[in-house]
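Have a look at the structure below before the remarks.
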Amino acid sequence: MSKIGIFFGTDTGSTRLVAKKIYSLLGEELADKPKNINRASPEDLLKYDALILGTPSYGIGDLPGLAAGCQERSWHEFVGLLDGHGFAGKRVALFGLGHQERYASRFASSLIQLYRVFYGYGADIVGRWSSEGYRFEHSDAIVDGEFVGLVLDQRTQAHLTDERLRVWLAQITPQLLPVMAEAA
């Protein structure tokens, strides 16, 4: 499929709102409407060559889901459905939400779990993001000095979200949809 698929896990709705902002910024020509991962199947993701996947942080770097105390199924339950499916040839960008002051010792650490799952299934992960401009002690989502995807703090830095999204999307869109970028 020539559009970007946007899928997210959420419990409070913050990740859903960010996914909707991403969709609005990309527009319907480049992306399909965001879909909650608890209403998706592996086949829903596999029909796309390019994906943007979002997750909030829960527990000590856990993927959100019933086991982490969420009200509904989420990424934790979904990744168990991926056995036997491969994402080789798929380009995936990740975003994660966290609270850098309250959870400074594990800021946005759930993002690394999503990274490991899709990287392990052969996806080409794009969209690393600088850790500059944040104040935290530790994040498992940092690899080689950068976050494995865009990290947003809707509690203490919500005023930076829109600009971070614009910059990140400008960076990743040509990587996610190289054929469309060449035609433009």
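Below, the figures for the structure above:
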{"quantity": "Shape of segment 38-90, Cα gyration tensor, a/c cut at 1.5", "calculated": "prolate"}
{"quantity": "Å² per residue, accessible surface of segment 48-112 at 1.4 Å", "calculated": "39 Å²"}
{"quantity": "Of all accessible heavy-atom area on the chain, the percent that carbon and sulfur account for (1.4 Å)", "calculated": "49 percent"}
{"quantity": "Heavy-atom SASA rank of Lys3, Lys33, Lys90 (probe 1.4 Å, accessible area, largest first)", "calculated": "Lys33, Lys3, Lys90"}
{"quantity": "Segment 136-179, Rg to Rh (Cα coordinates; Rh as Kirkwood inverse mean 1/r)", "calculated": "1.04"}
{"quantity": "Length gained when the stretch Val167-Glu137 is fully extended (0.36 nm per residue, less Cα-Cα span)", "calculated": "8.3 nm"}
{"quantity": "Net charge of neighbours whose Cβ lies under 11 Å from the Cβ of Glu146, counting Lys and Arg as +1 and Asp and Glu as -1", "calculated": "-1"}
{"quantity": "For Gly133, net neighbour charge (Lys/Arg +1, Asp/Glu -1) across residues whose Cβ lies under 13 Å away", "calculated": "-2"}
{"quantity": "Shape category assigned to segment 1-147 from the gyration tensor of Cα positions, a/c cut at 1.5", "calculated": "rounded"}
{"quantity": "Gyration tensor verdict on segment 68-151 (Cα atoms; rounded if a/c is under 1.5, prolate if a/b is larger than b/c, oblate otherwise)", "calculated": "oblate"}
{"quantity": "Where His76, His159, His99 fall by accessible area, highest first, once all protein chains stay in place (1.4 Å)", "calculated": "His159, His76, His99"}
{"quantity": "Accessible surface ranking that places the most exposed of Ile37, Ile60 first, with a 1.4 angstrom probe", "calculated": "Ile60, Ile37"}
{"quantity": "Cα centre as origin, Lys/Arg/Asp/Glu Cβ charges: segment 121-184 dipole, Debye", "calculated": "180 debye"}
{"quantity": "Inter-part distance where segment 116-177 and segment 54-73 are each reduced to a Cα centre, Å", "calculated": "19 Å"}
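The values are calculated or read from the model by the stated rules, or taken from the named source; none is laboratory data. Treat the numbers as computed from the prediction; the structure is a model and nothing was measured. We place every Cβ from the backbone using ideal geometry, glycine too, and count neighbours over all the protein chains shown. Side chains included, ligands, DNA and RNA excluded: accessible areas come from the protein's heavy atoms. Shrake-Rupley method; radii C 1.70, N 1.55, O 1.52, S 1.80 Å.
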